[in-house]
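Have a look at the structure below, then the notes.
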Amino acid sequence: MAIPDFQSVMRPVLQAVSDGEPRALADVREAVKVAFQLSEEERKERLPSGNQTVINNRVGWARTYLNKAGLLTIPERGMVQITDRGQDALSKGPERISVAWLKQFPEFHDFHTQKPKPVTDALKPVDDTIEETTPDEQLASAHQSLMENLADEVLDSIRKASPSFFETLVVDLMISMGYGGSRKEAGQATQTTNDDGIDGIIKEDKLGLDTIYLQAKRWANTVHRPEIDKFIGALTRQRARKGVFLTTSDFSAGAREAAAGLDMKVVLIDGRELAQLMIENNLGVHVKDVYEVKQVDIDYFIEE
């Protein structure tokens, strides 16, 4: 069974505390996992941020929404207890409690409508009845969409640049990833002629204990095995043990097979991976805005 969305989790959360006694949130989470027969893999699946599991995040937001609607109360830290309104919801409410259904309660309606208007389509649900993701997941989805669009723009800019600029770019990327230190000390782009299939050379570390050879192809077409074989041959003639082949396009299955199972280490980086590495290492991009997402520090409110 797939991990349920957080609206589908709301009734099972209420059912987990239907006896009226306060229960630990950890026990409620476990009851929901059992109710939906989640596999071990589904229990461990994490949000894109990696900070929390998906199911725990959805149970947490279900608890928040039910609490804001007056169906649950939080009597003390980490505990959950059903209210009379929650008992009525179990006996008279729908099989699937939704955000739209909760809006009948004025306090929840005020809470939900006070949320800031989202500025991107990725954050705006089409309808309350299909609002199946938590705010954390909506934020992560919007961020992922922005990153994908940025990667497209970066890759398009690379493809429009000259071949010589691209060769310099790949050396800059390696340096920004921590190889060799400064450009003067660490890397160089070779001459466009008589380079024996090598477009760049970079030290692996500041001490120069090893050297990495680079090949850069600003291509629109797929890179096939013959190009990788030529690169491997050039590395062999240099008695090199490590090489990185970068392209603005992609690699065929044969090309990837050629780079596997060698005595030397050959890494292939396609256009999409190249753009993502540039973004991760702040090469050719800059920070536009920074948004902080904060949560309550429970420990601060514990009275000695």
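Any read-out appearing in this document is the output of simple, stated calculations on the displayed coordinates, not a laboratory observation. Note that the coordinates shown come from a computational prediction; the quantities given were computed from them, not determined experimentally. No Cβ is skipped: glycine too gets one built from the backbone with ideal geometry, and neighbour counts run over all protein chains shown.
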Surrounding charge for L150, neighbours by C-beta under 13 angstrom, Lys/Arg +1, Asp/Glu -1, total -4
If the chain between K160 and R96 were fully extended at 0.36 nm per residue, the gain over the current Cα-Cα distance would be 17.9 nm
For 147-157, 244-254, ranked highest to lowest by mean beta-carbon neighbours within 10 Å, the order is 244-254, 147-157
With x for Gly and Pro, the residue-by-residue ³J(HN,Hα) of region 57-72, computed from phi through the Karplus equation 6.51 cos²θ - 1.76 cosθ + 1.60 at θ = phi - 60° and given in whole Hz, is 5, 6, 5, x, 6, 4, 4, 4, 5, 5, 5, 5, 8, x, 8, 10
Restricting to Cα pairs under 8 Å and 6 or more apart, the percent relative contact order of the chain works out to 12 percent
Toy charge model, Lys and Arg Cβ at +1, Asp and Glu Cβ at -1: the chain dipole around Cα centroid in debye, rounded to 20, equals 720 debye
From the cross-link list K160/K265; K92/K294; K217/K265; K33/K68, the entries with a Cα-Cα span beyond 25 Å are K160/K265; K92/K294
In whole angstrom, the spacing between the Cα centers of region 3-72 and region 237-295 equals 38 Å
Over its alpha-carbon atoms, region 11-120 yields an Rg and a Dmax in Å of 14.5, 42
Given [x] 205; [y] 141; [z] 154 as possible values of volume of the Cα convex hull per residue in Å³, the one from the coordinates is [x]
